[in-house]
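Working notes for the structure below.
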Amino acid sequence: MDQKQPSSAATMKDVAEKAGVSTATVSRALMNPEKVSAATRQKVEQAVIDVGYAPHGLARNAKRGETQTILVIVPDICDPFFSEIIRGVEVTAAQEGYLVLIGDCAHQDQQEKTFLNLMLTRQIDGMVLLGSQLPFDAGIEDQRNLPPMVMGNEFAPEMALPTVHIDNLTAAFEAVNHLLQLGHRQIACITGPEHIPLSQYRLQGYIQALRRSSIAIDPTMIVHGDFTFEAGASALKQLMSLPQPPKAIFCHSDLMALGAMNQARKLGMRIPQDLSVVGFDDIELAQYYDPPLTTVAQPRFAIGREAMLLLLDELQGKRVNNGSRLLDAELRVRGSTAPATKTGKMV
């Protein structure tokens, strides 16, 4: 088999010859990796790198060698929080003639090879990452060989990527401070996953607000969740079983807040008379819930728009590495919070 040098004119046939397989197998390995064996995938991936193959997509801009396609990686496509961010990306991308592909990280093991193949074979021009981790293993050195990437929503300094986000610590501080100003002292916190940076920032905001009011931090009042409705319900049950249950709760996401409120009602509690609840995100359902949820409103559409604008800057050769765009958040006070009372029906 002839040794081929990397070439921008490499074809799928070159990849097939290098890997010792048919062109149909190469196509399957790149587009439907789950349909070929791991050994075959590895041979094809290595051959793609060795010959320098870059598929010529239908939308490829021949002059600039672009596919006009962007990949958006979403931590969980079922979480309604991301819908407006994705819309912000798509509207902005469409204005510049870009198509947006959406990848769901919730099933990372199944998708990892597909994402990596899209990157390695240059079937996409860039990526918007809406979580704090890459959907595949890639060190800092590997990242340099990948298409441009930006982060939207998260802020993870170690990733060294341009990012668009809010000040999660300050937003959380103000949310908890709202409860303190209402006279609450027994305030619990339902957090997001511990390994996610924004969860850590929001937890620090909670801790700093309590300390500012000289309230001791009680570890039993902090329950870790995963941003789901079910996690909020489970955490509420755990908190209400404490000898001195909380009279107010700060949740790291609206879905968890709604789950906690739903469970509280099942326990016979009234919101906000017996329990005040604050969420985070301001998903659409928050304002229509009964009672409407007090929450931190993130400028979700703007986060998506600004992330895409950052990526466009990168694609046009402007250096924006390590650049950060900080957007404003706003506490929206609704019916789920009320002043603390001396007496209240607690179950």
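The values are calculated or read from the model by the stated rules, or taken from the named source; none is laboratory data. These numbers were taken from a predicted model, which means no experiment stands behind them. Positions of Cβ are generated from backbone atoms using ideal geometry, with glycine treated the same way; all protein chains shown enter the neighbour counts. Note: accessible area is taken over every heavy atom of the protein model, side chains too, but ligands, DNA and RNA are not part of it. Shrake-Rupley method; radii C 1.70, N 1.55, O 1.52, S 1.80 Å.
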Item to complete: Name the long-range amide H neighbours of GLY52: under 5 Å, sequence gap of 5 or more, or other chain; modelled H, no Pro or chain starts.
Response: SER7
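Would you mind counting up the charge near GLU194? Only other residues with Cβ under 13 Å from its Cβ, with Lys and Arg at +1 and Asp and Glu at -1.
Values: positive: ARG202; negative: ASP226.
Here the count lands on 0.
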Response to the item:
The set of residues whose placed amide H lies less than 5 Å from the amide H of ALA340, leaving out same-chain residues fewer than 5 positions away, is GLY183, HIS184
Worksheet entry | Burial ranking of peptide ranges 234-242, 306-314 (average Cβ count within 10 Å, highest at the top) | 306-314, 234-242
Discussion item. Can you compute 3J(HN,Hα) from phi for each residue in region 221-232, using the Karplus curve 6.51 cos²θ - 1.76 cosθ + 1.60 with θ = phi - 60°, rounded to whole Hz and x for Gly and Pro?
Written reply: 8, 10, 10, 8, x, 9, 6, 9, 4, 5, 5, x
Worksheet item: Taking K and R as +1 and D and E as -1, what net charge do the other residues with C-beta under 14 Å from the C-beta of LEU331 add up to?
Response: -4
Response to the item:
The answer for ILE249, listing residues at least 5 apart or on another chain whose modeled amide H is closer than 5 Å to its amide H, is ALA188, SER276, VAL277, VAL278
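Between GLU230 and GLN95, what is the FRET efficiency for a Förster distance of 45 Å, r being their Cβ-Cβ separation, to the nearest 0.05?
Working: r = 38 Å, r/R0 = 0.85.
E between GLU230 and GLN95, to the nearest 0.05, is 0.75.
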Worksheet item: With a sphere of radius 14 Å drawn around the Cβ of GLY88, what net charge do the other residues whose Cβ falls strictly inside it have (Lys, Arg +1; Asp, Glu -1)?
Response: 0
Practice prompt. Subtracting the Cα-Cα distance from 0.36 nm times the residue separation, let me have the gained length for GLU158 to LEU331 in nm, one decimal.
Written response: 59.4 nm
Discussion item. Are there any trypsin sites (Lys or Arg not before Pro) in region 243-296 that are in a DSSP loop and have at most 15 other Cβ atoms within 10 Å? List them by number.
Written reply: ARG270
Item to complete: Step through the residues of region 183-194 one at a time and calculate ³J(HN,Hα) from phi using the Karplus curve (6.51 cos²θ - 1.76 cosθ + 1.60, θ = phi - 60°), rounding each to whole Hz and writing x for Gly and Pro.
Response: x, 6, 10, 8, 10, 9, 9, 9, 8, x, x, 4
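Report the full-extension gain for the segment ARG270 to ALA38: residue separation times 0.36 nm, less the Cα-Cα distance, to one decimal in nm.
Details: separation 232, 0.36 × 232 = 83.52 nm, distance 5.52 nm.
Taking ARG270 through ALA38 to full extension adds about 78.0 nm, to one decimal.
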Fill in: Spin-label pair GLN46/GLN200, simplified geometry with 7 Å Cα→Cβ offset, distance in nm
3.7 nm
Worksheet item: According to the square roots a ≥ b ≥ c of the eigenvalues of the Cα gyration tensor, what is the shape class of region 184-260, taking rounded for a/c under 1.5, prolate for a/b larger than b/c otherwise, and oblate for the remainder?
Response: oblate
Worksheet item: In region 202-319, what percent of the accessible surface is made up of carbon and sulfur (1.4 Å probe, ligands and nucleic acids excluded)?
Response: 49 percent
